[in-house]
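**Q** Before I ask anything, here is the structure I am working with.
The values are calculated or read from the model by the stated rules, or taken from the named source; none is laboratory data. Worth saying up front: this structure is predicted, and the values here are computed from it rather than measured. Neighbour counts are summed over all protein chains in view; Cβ atoms, including those assigned to glycine, are modelled from backbone coordinates with ideal geometry.
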């Protein structure tokens, strides 16, 4: 028999910390987002766990008291059609890779049934139960008892993309890309290298990451995301999520890569290593130099880091499936599984929405696009071109130079344009470097050792088998 316990304070479940983490590692898809430490991090972020929200940490145990399942949820009160309504959904939905019911393979049916039975027993406390980003392998399959008491609906979410690393080198990966994409990528990289002095700064050293993150935020402030809800800096809630991961004790090996052009940051990538997976958590580029495709360059270098780190999978997370497929990511469709308490506020709003969509065919697929970015693209099409030099004021350059010096004083991988060109698996029209060693790199426990190609491997999470 499976018994479900609900904890509304994470500290009350502290005795289960090791069991939760062990269950994650024993599951069929271990990830850093299904750990006690990550749950604690999310609970500290107002953007992810707003004031007034309540934790529902469901732990399913067998007769012997062994943990068999874990499902972290949050309950939030919302005003829907003038009525107070309660939404119960997944705690890590916005910031994880396909949040899930945590369990061991083979336990899907008994644990899922026990979880749904418990949630159904407390259905008067919620009007909407939603499990976001569930793929075809989701263990959250409701028993018939739930369907007798709730209205169920599926809603499409953005697809999830993963690049299975099956190449021993960047050259092998590049050769596997489509001919047209290879041509575009090599042309864009040559344009970038010819535009000025291009450099790469990369580190996973905890002492170096804060300065790299400050430079990353500088790029983000000039990206299209800065004018949408996807934007962040040190002062905003979403920015605090990433700042908290870097400044805290995350259950993953964090790393940041940054591209500089003439000393100014133009693109960045935040990655996390856990087990055999490397996750691309966030990517930005300065839209003022969009014609140089710095976003493509930093993502290509991210694939290089994943290969060098010995990872088996480079996860591009969710969204922009049409673009990620070009990078050889296998896309998995995901959807929200929604359960409505009949005649509750959320149910009534859903009915009105369904009625409206009958009169507006195609509206149901709106969740798969990014209307904020689309509107920005339309607006920017009318803007005149502005020279990069306009933004390179001395004060700003000095601020960036000071941060770059701080990064270089730490441990990491620092490559100039010539060294970057030598790493590319295509002709760049730049002379080869006099020596392939990485300039300024200092091997440590936090960064890999330089090999013959000048690559410093992205580290695997401490204590986790990386699959090498």
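**Q** Does residue 339 meet the test of being touching a strand residue (DSSP E or B) at 6+ places or on another chain (Cβ under 7 Å), under 30 Å from residue 142 (Cβ atoms) and either buried (at least 21 other Cβ atoms within 10 Å of the Cβ) or without any contact (Cβ under 8 Å) to a residue 40 or more places away in the chain (or both)?
**A** Here the answer is yes, as residue 339 does meet what is asked.
**Q** Count, please, the residues in the range 66-94 that happen to be out of contact with any strand residue (DSSP E or B) (no Cβ under 8 Å at 6 or more places or on another chain) and at pLDDT 95 or above.
**A** Qualifying residue count for the region: 1.
**Q** Additional query: Please pick out the residue among 218, 204 that is over 15 Å from the mean Cα position of the chain (by Cα), assigned by TED's automatic domain parsing to the domain that holds residue 419 and at pLDDT 90 or above.
**A** 204 is the lone residue from the list that is over 15 Å from the mean Cα position of the chain (by Cα), assigned by TED's automatic domain parsing to the domain that holds residue 419 and at pLDDT 90 or above.
**Q** I'd like the full set of residues that are touching a strand residue (DSSP E or B) at 6+ places or on another chain (Cβ under 7 Å) and modelled with pLDDT under 90, limited to the range 252-267.
**A** Correct list: 252, 253.
**Q** Something else now. Over 23 Å from the mean Cα position of the chain (by Cα) and in contact (Cβ under 8 Å) with a residue 40 or more places away in the chain: is that true of residue 156 in this structure?
**A** no
**Q** When you check residue 270 against the structure, is it in contact with a helix residue (DSSP H, G or I) (Cβ under 6 Å, 6 or more places away or on another chain), crowded, with 20+ Cβ neighbours inside 10 Å and without any contact (Cβ under 8 Å) to a residue 60 or more places away in the chain, yes or no?
**A** So residue 270 does not fit the description; no.
**Q** Output the residues belonging to the range 118-140 that are surrounded by fewer than 22 Cβ atoms within 10 Å (Cβ to Cβ), more than 17 Å from residue 96 (Cα to Cα) and in contact with a helix residue (DSSP H, G or I) (Cβ under 6 Å, 6 or more places away or on another chain).
**A** 120
**Q** Please work out if residue 166 is in the same structural domain as residue 294 (by TED's automatic domain parsing), within 24 Å of residue 29 (Cα to Cα) and under 28 Å from the mean Cα position of the chain (by Cα).
**A** yes
**Q** Would you check if there is a residue in the range 58-70 being in a helix (DSSP H, G or I) and closer than 21 Å to residue 17 by Cβ?
**A** Within the range 58-70, not a single residue is in a helix (DSSP H, G or I) and closer than 21 Å to residue 17 by Cβ.
So that you can scan it fast, the table gives a plain yes or no per residue for (1) at pLDDT 90 or above; (2) in a helix (DSSP H, G or I):
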position: 231; (1), (2): no, no
position: 238; (1), (2): no, yes
position: 250; (1), (2): no, no
position: 269; (1), (2): yes, no
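**Q** Name the single residue that is surrounded by the fewest Cβ atoms within 10 Å (Cβ to Cβ) among those in the range 45-64 being in contact (Cβ under 8 Å) with a residue 60 or more places away in the chain and farther than 20 Å from residue 279 by Cβ.
**A** 63
**Q** Does residue 170 fit the bill of being surrounded by 14 or more Cβ atoms within 10 Å (Cβ to Cβ) and closer than 30 Å to residue 424 by Cα?
**A** So residue 170 fits the description; yes.
**Q** A further question follows. Where the second residue is surrounded by fewer than 12 Cβ atoms within 10 Å (Cβ to Cβ) and the first is in a loop (DSSP other than H, G, I, E, B) and lies in the range 9-29, which pairs have Cβ atoms under 9 Å and are six or more apart or on separate chains?
**A** Short answer, once both residue conditions are applied: 27/105; 28/105; 28/137; 29/137.
**Q** Every residue in the range 68-87 that is within 26 Å of the chain's Cα centre (by Cα) and farther than 21 Å from residue 44 by Cα, please.
**A** Hit for the range 68-87 is 69, nothing else.
**Q** Run down 84, 79, 100, 74 and say which single residue is touching a helix residue (DSSP H, G or I) at 6+ places or on another chain (Cβ under 9 Å) and in a loop (DSSP other than H, G, I, E, B).
**A** On inspection, the qualifying residue turns out to be 100.
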